[in-house]
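What follows draws every value from the coordinates through simple rules; no lab data is involved. Quick caveat: nothing in here was measured; it's all calculated off a predicted structure. When we count neighbours, we look across all protein chains shown, and the Cβ atoms used for this are built from the backbone with ideal geometry, even at glycine.
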Amino acid sequence: MSSIIESAISFFFPTYCLGCGERLAEGRRFVCPTCFDALPKYQGMEPYYGALERLTGLVPFTEYQSDLIFRNPSVVRTLIHKMKYNGFPTLGIELAREFAPRHLALGHFVDTTMIVPVPLLNSRLHRRGYNQSTFIAQGIAEAYQLPVNEGVLFREGKRGTQTEKSKEARWAHAQGAFFVPDNIDISGRRILVVDDVLTSGATLIQSGRALIDAGAESISFYTLALDVLL
């Protein structure tokens, strides 16, 4: 799309910041720079939220990183829900692009050879039309210059979202839900598993177990946000 057309669209159909309500400058779609900088960040608050405790000892993994703190209500929640449920999957790429260079500069995930998004059930994928985790993974992959592989990890099981489920129900829902087909060889691969939000940890743990059981050398995890309300 040409810059002239983009400028015209911005003039006649302005967008407004989800945080402060101010009109956004051309090229920004959801949050102004001031509100983006004010979004609650995971960096520096790692011990407070206990994310590692949700994963440690339940699956062998090398590293976990996240960027945003998910509360209800919050601007972060609005962003995640727009990306996940309201037809704005490219928001996942945009947000991941903002954060990925910092992770690369800090040496996070440096041994990764493949990025794998947490898959959706086929029924949900067909209904929604996209997997938001794939778009987040693409934003990370651009910085790391690594492939995103959607043909490695698959999901099966009952339909139904985990959004309103208790911690125990999330564990039951995720148990045995993920698998790697027998004809897929990931032996020796160092895999970064990407999802949108860490809640109980059940999804990441079951995903990681399936990949380790299939021969992956190591697993690391990244989620765009961390849910503090368990």
Using only the alpha-carbon atoms, how far is helix 90-105 inclined from the longest principal axis of the chain? Give it as 0 to 90 degrees, nearest 10. 70
Say each of HIS126 and ALA25 gets a label point 7 Å from the Cα, pointing the same way as Cα to Cβ; how far apart are those two points in nm? 4.5
Which residue fluctuates most in the GNM of the chain (Cα springs below 10 Å): GLY139, GLY188, GLY176? GLY188
Among VAL197, GLY19, THR112 - extreme Cα towards positive end, dipole of the chain, charges at beta-carbon: GLY19
Principal-axis tilt of helix 202-213 within the chain, Cα atoms, nearest 10 degrees: 50
Contour minus end-to-end for ASN86 and ARG102, with contour as 0.36 nm per residue of separation and end-to-end as the Cα-Cα distance? 3.0 nm
Report, to the nearest 10°, how far helix 132-144 tilts away from the longest principal axis of the Cα atoms in the chain, using its own Cα long axis and a range of 0 to 90°. 90
Point-to-point label distance, TYR48-TYR16, nm (Cα→Cβ direction, 7 Å offset): 3.1
Taking 0.36 nm per residue of sequence separation and subtracting the Cα-Cα distance, how much length would be gained by fully extending the chain between THR56 and VAL110, in nm to one decimal? 17.4 nm
Region 197-230 scanned against label point 7 Å out from PHE36 along Cα→C-beta; backbone N under 18 Å for 224-225
Based on Cα coordinates alone, diagonalise the gyration tensor for the chain, multiply each eigenvalue by 5, take square roots, and list the semi-axes in whole Å, largest first. 30, 19, 18
